[in-house]
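Chemist: Before we start, here is the structure in question, set down as structure tokens.
The values are calculated or read from the model by the stated rules, or taken from the named source; none is laboratory data. In this text, all values refer to a predicted model and were calculated from it rather than measured experimentally. Cβ atoms come from the backbone with ideal geometry, glycine included; neighbour counts cover every protein chain shown. Protein only, heavy atoms only, side chains kept; ligands, DNA and RNA dropped before computing areas. Shrake-Rupley method; radii C 1.70, N 1.55, O 1.52, S 1.80 Å.
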Amino acid sequence: MLMLVSKDHHKKRIAKGFFVTGTDTNVGKTIITASLSQALINGGKRVIAIKPLASGCRIKDNKLQSDDALMLRQYSTNNNLLYSSINPFAFQDPVAPHLAAEKSKTKLSVDCIIKKTYHALTSNSDYIIIEGAGGWFTPINNQERIADLVRAYSYPVILVVGIRLGCINHALLTYQCMQKAKVKIAGWVANVVDRNMSYVLENIESIRLNIKASLLGIVPYIYRIKPSKVTGFLQVDKLATL
Ligand SMILES: Nc1ncnc2c1ncn2[C@@H]1O[C@H](COP(=O)(O)OP(=O)(O)OP(=O)(O)O)[C@@H](O)[C@H]1O
Ligand SMILES: [Mg+2]
């Protein structure tokens, strides 16, 4: 069990968890994170899903809020958490996080992201699922990347591969970097995001042959997708032992 020592020096229990990253932006990280959360909740677990940093946020109730974070909150057991605990860094510009942070004069670092999510990590859930931003090497600042954030959280990673043209290259590059970073890989999900993609199964097989981690599910292209339509394609039992 992971323990962190908070400011007041009381040891708090940190939930088990997963970090969800993707081969790119727009590959289905949010929909898969929400679906995994729903699947674990269906199995009787208490789960919180968070998005620590989000760009492209809109003003709602007088503050910047991310559609991703709002969706994840909807698929969490405890949806009373303060918005700032599930998305402490909400930027307006729809650009890479380090640029959006710079524009809004916010200091962004692995350390401050971990600190600001401490409350969510310790709020008595069985699992916390953290959605990254962009992909593996998306910058957080000029020195740190999502990869560094993953290592700092030290949760096993789930890689969402958006099945579209170019996905084999993106998947294998990401996988190689993950291996080099020596992070634990909980598994990967093949998520078909291009309705017109041909050779879908052949592409997935080409990736599977190169990735020594569980394929947690193949999610087909689904018109008007929502998490309840996805849970049946995911094998969360493969995550239970982690
Ligand atoms: N299997 C699918 N079938 C059809 N549409 C999908 C599928 N998966 C995702 N989508 C759609 O693709 C878009 C991108 O998905 P999503 O927002 O989950 O990606 P993301 O990786 O979280 O993006 P971001 O980098 O912005 O966080 C959404 O409009 C979503 O509804
Ligand atoms: Mg997202």
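Chemist: When you scan the range 62-73, do you find a residue that is surrounded by 20 or more Cβ atoms within 10 Å (Cβ to Cβ), farther than 25 Å from Ile185 by Cα and not β-branched (Val, Ile, Thr), even just one?
Modeler: yes
Chemist: Return the residue satisfying two criteria in turn: it lies in the range 223-242 and is open to solvent by less than 30 Å² (accessible area, probe 1.4 Å) and part of a loop (DSSP other than H, G, I, E, B), and of such residues it is nearest to Tyr175 (Cα to Cα).
Modeler: So, considering only residues that are open to solvent by less than 30 Å² (accessible area, probe 1.4 Å) and part of a loop (DSSP other than H, G, I, E, B), the one nearest to Tyr175 (Cα to Cα) is Leu239.
Chemist: Further question: If I ask for residues that are free of Cβ contacts under 8 Å to residues at least 24 places away in the same chain and under 17 Å from Lys180 (Cα atoms), which ones from the range 117-164 would you list?
Modeler: If the condition is that a residue be free of Cβ contacts under 8 Å to residues at least 24 places away in the same chain and under 17 Å from Lys180 (Cα atoms), then Arg145 is the only one that fits.
Chemist: What are the pairs with Cβ atoms under 6 angstrom where one residue, in the range 16-27, is more than 13 Å from Phe137 (Cα to Cα) and the other, located anywhere, is within 9 Å of ligand 2 (Cβ to nearest atom) and not in a strand (DSSP E or B)? Sequence gap at least six, or different chains.
Modeler: So the pair list comes out as Val20/Lys29; Val20/Thr33.
Chemist: Out of (1) within 28 Å of Lys12 (Cβ to Cβ); (2) open to solvent by 30 Å² or more (accessible area, probe 1.4 Å), the odd one out for Lys105 is which?
Modeler: Just one mismatch for Lys105, condition (1).
Chemist: Only residues that are away from ligand 1 (no atom under 16 Å from the Cβ), closer than 25 Å to Ala34 by Cβ and open to solvent by 40 Å² or more (accessible area, probe 1.4 Å): list them for the range 186-208, please.
Modeler: Selection gives Arg208 alone.
Chemist: Separate question: If we only count strands (runs of 3 or more DSSP E) wholly inside the range 1-116, which ones have 3 or more residues that are more than 13 Å from ligand 1 (Cβ to nearest atom) and farther than 28 Å from Gln176 by Cα?
Modeler: 3-5, 11-13, 58-60, 63-65
Chemist: Would you confirm whether or not the range 161-183 contains a residue that is under 25 Å from Thr117 (Cα atoms) and either open to solvent by 70 Å² or more (accessible area, probe 1.4 Å) or charged (D, E, K, R) (or both)?
Modeler: yes
Chemist: Take Pro97 and tell me if it is within 18 Å of Lys115 (Cα to Cα), within 15 Å of ligand 2 (Cβ to nearest atom) and without any contact (Cβ under 8 Å) to a residue 60 or more places away in the chain.
Modeler: yes
Chemist: Return the residues of the range 209-228 that are within 16 Å of ligand 1 (Cβ to nearest atom) and either within 13 Å of Leu159 (Cβ to Cβ) or touching a strand residue (DSSP E or B) at 6+ places or on another chain (Cβ under 9 Å) (or both); say none if nothing qualifies.
Modeler: The answer is Leu215, Leu216, Gly217, Ile218, Val219, Pro220, Tyr221, Ile222, Ile225.
Chemist: Consider only pairs whose beta carbons are under 9 Å apart and that are at least six residues apart or on different chains; among these, list those whose first residue lies in the range 73-90 and is without any contact (Cβ under 8 Å) to a residue 24 or more places away in the chain and whose second residue is open to solvent by less than 50 Å² (accessible area, probe 1.4 Å) and not β-branched (Val, Ile, Thr).
Modeler: Close Cβ pairs satisfying both conditions: Tyr83/Gln65; Tyr83/Ala69; Tyr83/Leu70; Tyr83/Ala90.
Chemist: Could you list, in sequence order, all residues of the range 1-42 that are open to solvent by less than 80 Å² (accessible area, probe 1.4 Å) and modelled with pLDDT under 95?
Modeler: Selection gives Leu2, Leu4, Ser6, Lys12, Ile14, Ala15.
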